[in-house]
Structure formats: structure tokens, C-alpha cells
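What follows is a short report on a single structure.
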Amino acid sequence: MSQEWGFYFDASRCIGCHACSIACKNRHGVESGKVDWRRVERAQKGEFPDVQERNFSVSCMHCKDAPCEKVCPADAIKKRDSDGIVVVDREACIGCHYCGWACPYGAPQYDEKGLMQKCNLCLDKGPGSGVDAPPKQEQEDPLTPACADECVGDALHAGPIEDLLDMASEDAQNRFLQDDQCHVIVESAGEGSETGNETETAD
Amino acid sequence: MSASGYVWLEGGHWGLLTAVYLFFATLGGGAYLAGLVAYALGRDDRRSEPMALARWAFLTAVVATGIAGIAILAHLARPLSGLLFPLTLTEFGSWITRGTWILVTLGALAGLQAFWFHFGRLGRGAEGGSAVLRKLAAVVGVEGLLDGAADATRPGETGFWIVAVLGLLPALGTVYTGFELAVVETVPLWNHPTLLPALFVVSGVASGFALALALTIAFDDATDRLVVGFASAVSLGLLLTGGLLWALLNALGDGPAASESMAQLDGGSLSAVVTLLAAGIVVSVVASPILAWLWHARDETTVARWVVRPGLVASLLFGVVAIFLIRYVLLIGAVQSPNVVF
């Protein structure tokens with residue numbers, strides 16, 4: 001049975017500890033340096049003394065209509081029908097970096113060889129792995145994405161979208177269901193409002 | 001991290017090599033077109049100078065597509081995969097795949113035309129600089145062989161025009177370079193589906209005409225009336241190019257990435273390059289047709305030979321350089337839309 005997988009991120013719970021990005025590197029054997037399948041960014045808004053700050057954990061969002069897949073000339077990037085996970089076949093990748101421009105989240109990362117690697121929602125371990133892996137929901141002992149596993153603030157979750165939506169606020173659910181695009185960042189409800197259960201949901 | 005609530009993406013995935021590729025691909029298309037126009041206008045009375053122009057134009061088209069191909073292969077992490085494109089580039093929805101086929105087809109057809117114009121019936125009477133390939137072939141001792149091969153393979157006039165018109169498709173198809181950038185929705189500087197492709201194809205045609213004409217004047221001393229016509233076409237093309245660039249920049253909007261790009265172009269790190277390209281366009285638009293007319297109507301004076309002719313060649317080359325700088329500025333000035341966290 002086809003089942004879309006994705007991430008759920010609650011910015012109000014993220015403490016910016018980078019446990020997610022480090023866990024990701026550990027899981028996939030990605031050395032420290034330029035390549036980051038998952039990054040923790042910190043955004044600020046306003047001027048002193050009225051300053052807001054928010055952490056933002058981001059990786060491949062496994063978009064419903066993945067722009068990286070569309071531009072890839074070598075057909076190396078695939079959005080899997082079975083579980084919605086976007087994977088990259090590094091054997092086919094020619095290293096043109098077109099996907100880097102197309103992705104709105106900076107997910108494609110390029111190693112010293114210039115080939116692309118990125119989050120595979122822990123279908124398997126290592127760059128380019130998971131291309132031929134069975135669907136997440138059919139795996140006997142599927143890996144829980146390390147980033148979600150290690151999140152100390154319970155801000156990051158991974159799983160079938162239908163389950164993730166249960167965690168989201170009604171507003172966020174509606175936004176997600178009404179829009180074909182994945183929602184990575186959801187604007188605040190209003191100036192100065194508390195974000196509370198504001199959701200950043202990817203499909 | 002910024003005080004705007006934005007998280008900026010790193011960008012910078014493409015640089016000088018890609019600019020070279022984008023530039024020479026369209027220049028090759030423009031030069032092919034210039035060759036056909038020169039031949040069409042000069043074939044009846046077989047004037048030598050239009051034929052020289054056609055020879056230079058097709059040679060320019062071949063060399064330009066070759067440089068474009070080498071530049072894009074050098075940019076790839078796996079150049080061999082690029083060379084094996086019929087096997088490796090299988091996603092025809094991607095403009096890189098479509099573009100690769102367009103570029104290769106253009107290179108092949110331009111090569112065929114260059115061969116037919118340099119050797120055989122159309123090449124035998126060639127003199128001056130445009131006979132460069134014949135001279136090289138003579139040195140190697142294969143001139144007669146190549147003449148025979150050209151005569152044997154060149155179809156009759158109807159067949160020639162069928163092949164020539166077929167070549168027009170990839171020549172104008174180099175507009176794909178604009179689509180390659182225009183479909184990238186994350187970069188406001190590029191994401192204009194009509195203006196950017198139009199800018200690339202118009203400027204590409206202008207650069208092809210300009211370079212072929214400059215070579216013909218510099219190495220064949222051409223003063224034919226076609227020189228005035230071509231220089232005027234270059235001037236018009238550059239005028240259109242400037243207008244399209246202006247329209248593109250004005251259609252940018254005021255989003256954060258668009259503003260960042262504009263800040264770089266207008267007073268920022270790229271402002272000197274923008275000034276240079278604007279100066280190149282203006283100089284070429286104004287000077288090329290005037291100098292071409294003076295050169296065409298010349299008397300045999302020192303001024304004509306040592307001032308007007310170099311001035312004309314230089315003004316054409318200014319235009320060509322300006323057209324390259326447009327690609328460079330658009331690539332280096334590209335900024336991806338940030339993630340808006342607040």
C-alpha cells in the first residue's frame with residue numbers, strides 16, 4: 001500500500017542543539033565539513049530590544065512535486081511512488097548541480113567529487129543508499145530517522161504523513177491539505193503571536 | 001542568520017564555466033544564422049566577401065559549440081557521463097538534456113556547413129583569412145581529398161537548403177540556455193519564462209553576427225555592402241538586448257532574493273561589470289553601423305585602414321564581450337529565495 005512519509009518539525013520546541021544534524025552525520029558516515037544532510041539554522045527578526053529568534057532544522061523535505069527531480073537530466077533523482085521518499089542514485093548523478101538551484105531548501109549537498117547526496121529519510125545508511133530499498137512501511141525493521149530519534153526537544157518527528165498530521169494544529173493541517181506544495185515554513189498567525197503548535201510539515 | 005527572519009541558501013552552484021557555456025552555445029547559434037544569411041544574400045552573384053563571411057560564420061559556429069561543449073563537460077563532476085549523453089541523459093523533461101541534444105545537433109550541422117563552405121565547389125576560390133582551413137589542409141596535404149569529399153557529399157541547392165533550414169532549428173533552439181535558467185523558481189533573477197530566453201536568443205544572434213563580421217573584416221578586409229547590413233543588424237540586436245535586460249531587471253520585483261541580486265548589480269560587487277557591459281552595448285550600438293558605413297564607403301586612406309577598420313572590429317568585439325558579461329552577471333548575481341522563518 002502506498003504511504004507518503006515525511007518530517008514534522010515544531011519550531012517552538014527546537015532548542016537549536018544540533019543533535020539532529022550530528023545524529024544524521026553519524027548515521028550516514030558523513031564527515032564534518034561542508035556536506036550537511038540536515039542543518040540547524042537560526043533566524044532572527046527585528047532590532048534590539050525587540051528581537052525574535054527561532055531555530056530551524058531543515059533537510060530534504062521530500063516534496064510532493066520535487067523540483068530537483070524535474071530538472072535532473074540524468075534521471076538520478078526519484079520521488080518514490082511507494083513511500084514518497086526522494087532518493088538519489090549517485091551512480092547516475094553527473095554532478096551538474098542543477099538540483100542545487102532548483103531546491104528551495106538547500107537540501108542537495110555536494111561532496112568533494114561534486115556528486116549529490118542528501119537525506120533519504122534513513123531508508124538505508126550512507127550517501128546514495130536506499131535507491132533500491134523496499135518501501136519504508138514494508139521494511140522489517142525500518143530505521144527511524146536518526147535526526148528524529150535524537151531530537152531532545154521532541155521537535156522533530158518522522159513517519160507517515162497521515163500520522164504526522166495528527167500532531168499538527170488544525171490550522172497547519174488545513175494549510176497542508178489545501179496546498180499541493182510542501183510546507184516547510186508556516187508564517188506566524190499574526191504580529192507578535194505565539195507560535196505554539198505551529199507546524200512545519202513536509203510531505 | 002539575519003535580522004530579517006530569513007535563512008539564506010548557499011547558492012553559487014554555477015560559475016564562470018557555466019557562463020562560458022551559456023554564452024558560446026548561443027553565439028554558435030547566432031553564427032550559424034549569420035552564415036546562412038551571408039550565403040543567401042551573396043550566392044546569386046557569388047561575391048567573394050559574403051562567401052568569406054559565411055566561411056567565418058560557420059567556422060565560428062563550430063568552434064563556439066565546441067567551446068560550449070568543453071566548458072559544460074569541464075563543469076560536470078563526471079565529464080565522461082556527459083560525453084555519453086545518449087546513454088546517461090535520459091530525462092527529457094530537463095532542459096539540460098534537451099539542450100545537450102540541441103547543442104550537439106547544431107555542432108554537427110555547423111560542422112557540415114563549414115566543411116562544404118571551406119572545401120569543394122564553394123571553397124576552391126577562397127582567398128584571404130577565410131581560407132585558413134584550406135591552407136591548413138594544403139600544409140597537411142589533404143586539400144584535394146577534402147575538396148573531393150565536399151563535392152561528393154554536398155547536395156544540390158535544394159538539398160543544401162533543406163539541411164540549412166534543419167540547422168536553423170538547433171541554431172534558434174539555443175534559446176534553451178535561457179529556459180535552463182528561467183525554470184529555476186528559486187532564483188528571481190532568472191525566473192522569467194519569456195524575457196530571459198528572449199534575451200539569450202537575441203543577444204546570441206547578435207554575438208554570432210558580430211564575431212563573424214569582425215573576423216571577416218579583420219582577416220579578409222571585407223568592405224562589401226553586407227558589412228553595413230550586418231553591422232546594423234548587430235546594432236539592432238544589441239539595442240534589443242539592452243532593452244530586454246532592462247525589462248528583465250525591472251520585472252524582478254522586490255522580494256528579498258530579487259533585492260539582494262539588484263544590490264549586487266547596482267552599486268554592489270558586480271556594479272563594475274554591469275557598467276562595463278552597458279558601455280560595451282552602447283559603444284557597439286552606436287559605433288558599429290557608423291564605422292561600418294565609413295569602412296564600406298572608404299577611399300584607400302591610412303585613416304580608413306588604421307583607424308576605421310580597427311575601430312569597427314573593436315566596437316563589434318565590445319558588443320560580443322558585453323553579451324558574455326550578461327551571462328556572467330546573471331549567474332554570479334543569482335540569489336536563491338531564502339526560507340522565511342518568521
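The values are calculated or read from the model by the stated rules, or taken from the named source; none is laboratory data. Please read these numbers as outputs of a predicted model, since none were measured by experiment. Note that we place each Cβ from the backbone using ideal geometry, even for glycine, and neighbour counts take in every protein chain shown. SASA here: full protein model, heavy atoms, side chains in, ligands and nucleic acids out. Shrake-Rupley method; radii C 1.70, N 1.55, O 1.52, S 1.80 Å.
If you put +1 on each Lys and Arg Cβ and -1 on each Asp and Glu Cβ, how big is the dipole of the protein assembly as shown around its Cα centre, in Debye rounded to 20? Before the final figure, lay out the partial values.
Numbers: 36 positive and 58 negative charges, 620 e Å.
Here the protein assembly as shown has a charge dipole of around 2980 debye.
Taking the Cα centre of segment B:19-121 as the origin, how large is its charge dipole in debye, to the nearest 20, when only Lys and Arg (+1) and Asp and Glu (-1) carry charge on their Cβ atoms? Mind dumping the intermediate values first?
Working: 7 positive and 4 negative charges, 29 e Å.
Dipole size: approximately 140 debye.
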In the protein assembly as shown, with Lys and Arg counted as +1 and Asp and Glu as -1 at Cβ, which of these residues, A:Gly128, B:Leu89, B:Trp8, has the Cα nearest the positive end of the dipole, that is, farthest along it?
B:Leu89
Stokes-Einstein D for segment B:173-274 (25 °C, 0.890 mPa s, Kirkwood Rh from Cα pairs), in µm²/s, comes to 162
For segment B:133-212 the mean separation of alpha carbon contacts under 8 Å (6+ apart) over residue count, i.e. relative contact order in percent, is 19
For segment B:136-282, averaging the sequence separation of alpha carbon pairs under 8 Å that lie six or more residues apart and dividing by its residue count, the contact order in percent is 19
Quick one: Karplus J couplings for segment B:197-213, per residue in order, coefficients 6.51, -1.76, 1.60, θ = phi - 60°, nearest Hz, x for Gly and Pro?
x, 4, 4, 5, 6, 5, 5, x, 4, 4, 5, x, 4, 5, 5, 4, 5
When the convex hull of its Cα atoms is projected in every direction, mean area for segment B:234-318 (nm²)
6.1
If every alpha-carbon in chain A counts as one equal scatterer, what log10 I(q)/I(0) does Debye give at q = 0.11, 0.12 1/Å?
-0.49, -0.59
When you take every Cα atom in segment A:1-80, what is the radius of gyration, and what is Dmax, the widest Cα pair distance, in Å?
16.2, 53
5 Å is the cut-off here: which amide hydrogens, built 1.01 Å from N in the peptide plane, fall below it relative to A:Glu41, excluding neighbours closer than 5 in sequence?
A:Phe56, A:Ser57, A:Val58
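Across segment B:89-238, how large is the tail of the calculated P(r) beyond 19 Å, expressed as a percent of all Cα pairs? Each step should come with its number before you reach the end.
Working: 7347 of 11175 pairs.
Cα-Cα pairs in segment B:89-238 separated by more than 19 Å: 66 percent.
Normalising by the residue count of chain B, find the relative contact order in percent from Cα pairs under 8 Å and 6+ residues apart.
Working: 539 pairs, mean separation 87.7, N = 342.
Dividing the mean separation by the residue count of chain B yields 26 percent.
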Helix-only CD estimate at 222 nm, as mean residue ellipticity for chain B, using -39500 (n - 2.57) per DSSP H run (n ≥ 4)
-24000 deg cm²/dmol
With every protein chain kept in place and a 1.4 Å probe, the residues B:Leu84, B:Leu73 fall, from largest accessible area down, as B:Leu84, B:Leu73
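Magnitude of the Cβ-charge dipole of segment B:1-77, K/R +1 and D/E -1, about the Cα centre, nearest 20 debye?
Result for segment B:1-77 is approximately 220 debye, rounded to the nearest 20.
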Reported to two decimal places, what Rg/Rh ratio describes chain B when computed on Cα atoms with Rh from the Kirkwood expression?
1.02
Long-range amide H partners of B:Ser4 with built H, under 5 Å
A:Gln44
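If the convex hull of the alpha-carbon atoms of segment A:119-184 is projected onto planes in all directions, what is the mean projected area in square nanometres? Spell out each step's value before the answer.
On the way: hull surface 22.4 nm².
It is 5.6 nm².
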Hz values of 3J(HN,Hα) by residue in segment B:170-187 - Karplus curve (6.51, -1.76, 1.60), Gly and Pro given as x:
x, 4, 6, x, 5, 4, 4, 4, x, 5, 3, 7, 5, 7, 7, 6, 7, 10
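Just reorder B:Thr275, B:Thr223 by solvent-accessible area, largest first, 1.4 Å probe, all chains present. Intermediate values should be presented prior to the final figure.
Values: B:Thr275 90, B:Thr223 30 Å².
Most to least solvent-accessible, the answer reads B:Thr275, B:Thr223.
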So what's the net charge close to B:Glu143: Lys and Arg +1, Asp and Glu -1, counting the other residues with Cβ under 10 Å from its Cβ?
+2
Run the simple label-point estimate for A:Gln3 and B:Leu83 please: 7 Å along Cα→C-beta, distance reported in nm.
4.7
Roughly how many percent of the accessible protein surface of the protein assembly as shown is carbon and sulfur, given a 1.4 Å probe and a whole-percent answer?
60
What does segment B:119-188 give for Rg and for Dmax, in Å, if only its C-alpha atoms count?
18.9, 56
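Taking a cut-off of 19 Å, what percent of all Cα-Cα pairs in segment B:101-149 are separated by more than that?
Values: 327 of 1176 pairs.
Beyond 19 Å sits 28 percent of the P(r) for segment B:101-149.
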Determine Rg/Rh for the protein assembly as shown; Rg is computed over alpha-carbon atoms and Rh is the Kirkwood hydrodynamic estimate from the same atoms.
1.08
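Between A:Asp154 and B:Asp266, what FRET efficiency comes out of the Förster formula 1/(1 + (r/R0)^6) with R0 = 56 Å and r the beta carbon distance, rounded to 0.05? Intermediate values should be presented prior to the final figure.
Values: r = 46 Å, r/R0 = 0.83.
Calculated transfer efficiency: 0.75.
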I need the semi-axes of the equivalent ellipsoid of segment B:158-220: take the C-alpha gyration tensor, multiply each eigenvalue by 5, square-root it, list largest first in whole angstrom.
29, 18, 6
Quick numbers on segment B:31-159, Rg and Dmax over C-alpha atoms in Å, give 16.8, 51
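Direction-averaged shadow area of the convex hull around the Cα atoms of segment B:1-106, nm²? Can you show the working numbers first?
Numbers: hull surface 40.6 nm².
Averaged projected hull area, Cα only: 10.2 nm².
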Amide H within-cut-off set for A:Met116, under 5 Å, with H built and near neighbours excluded:
A:Gly95
Which distance in Å, rounded to a whole number, links the C-alpha centroids of segment B:56-122 and segment B:233-292?
28
Low-density loop positions, trypsin sites (Lys or Arg not before Pro), segment A:81-187 - DSSP coil, at most 14 other Cβ in 10 Å
A:Lys113, A:Lys125
For segment B:107-113, what does the Karplus curve 6.51 cos²θ - 1.76 cosθ + 1.60, with θ = phi - 60°, yield as ³J(HN,Hα) per residue in whole Hz, taken in order and with x for Gly and Pro?
x, 5, 5, 5, x, 4, 5
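Just add up the charged neighbours of A:Cys96: K/R +1, D/E -1, any other residue whose Cβ is under 12 Å from the Cβ of A:Cys96.
Details: positive: B:Arg78; negative: B:Glu91, B:Glu180.
Around A:Cys96, the charge tally is -1.
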